[in-house]
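The values are calculated or read from the model by the stated rules, or taken from the named source; none is laboratory data. Only a predicted model underlies this, so the values are computations on that prediction, with no experimental measurement involved. When we count neighbours, we look across all protein chains shown, and the Cβ atoms used for this are built from the backbone with ideal geometry, even at glycine. SASA here: full protein model, heavy atoms, side chains in, ligands and nucleic acids out. Shrake-Rupley method; radii C 1.70, N 1.55, O 1.52, S 1.80 Å.
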Amino acid sequence: MDAGASPRPACAVYTTALGSGWSAEGVGVKVVPAGLVPGTEIVALRVEPKEKTASVSLVASEPFTVADGTVLKLRIYGGRLHGTVARLALSPTTEFATDRPATLNAPVDEWVPFTVPVADLLPGGGPIRRIDVEIATEAVPNAYRFFIDDVAFVAP
């Protein structure tokens with residue numbers, strides 16, 4: 001996938017800044033697009049939960065498809081005290097995905113890389129329009145700030 005001069009969303013969704021064709025939004029969270037990871041010089045997408053129901057979404061400017069075998073890669077820096085447990089999903093529309101097929105666990109103040117096949121996140125295939133990361137409040141009832149970085153779709 002190549003953003004080029006077209007409005008087609010870039011494969012690199014977030015790497016210290018939102019990729020072309022992508023925007024970030026949150027529900028019950030404050031989203032800081034270029035937050036500094038504590039004690040480092042690393043800039044990442046900072047997510048600060050404010051409510052029990054909290055999620056951050058990365059929304060593409062238009063729907064796009066990926067090749068068979070493509071994976072979604074990202075890394076999460078776990079929140080202080082309890083780490084971060086989040087559910088990851090893709091949606092073919094701008095609407096919040098209702099199914100959360102992948103659970104991601106990041107320990108307290110540690111980076112953890114994740115690689116999830118797109119086919120596992122969007123059963124039945126189709127276009128991609130939105131990436132949802134929802135905090136699993138039943139697993140971590142008191143979620144604290146965490147960071148998301150290096151989000152990209154990687155073809156085989």
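The figures follow:
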| item | result |
| --- | --- |
| Test: Leu72 is in contact (Cβ under 8 Å) with a residue 60 or more places away in the chain, touching a helix residue (DSSP H, G or I) at 6+ places or on another chain (Cβ under 7 Å) and not polar (S, T, N, Q) | yes |
| Number of the condition not met by Gly126 [criteria: (1) on the phi > 0 side of the Ramachandran plot; (2) open to solvent by 60 Å² or more (accessible area, probe 1.4 Å); (3) small (Gly, Ala, Ser)] | (2) |
| One residue from Lys73, Lys52 being modelled with pLDDT of 95 or more and charged (D, E, K, R) | Lys73 |
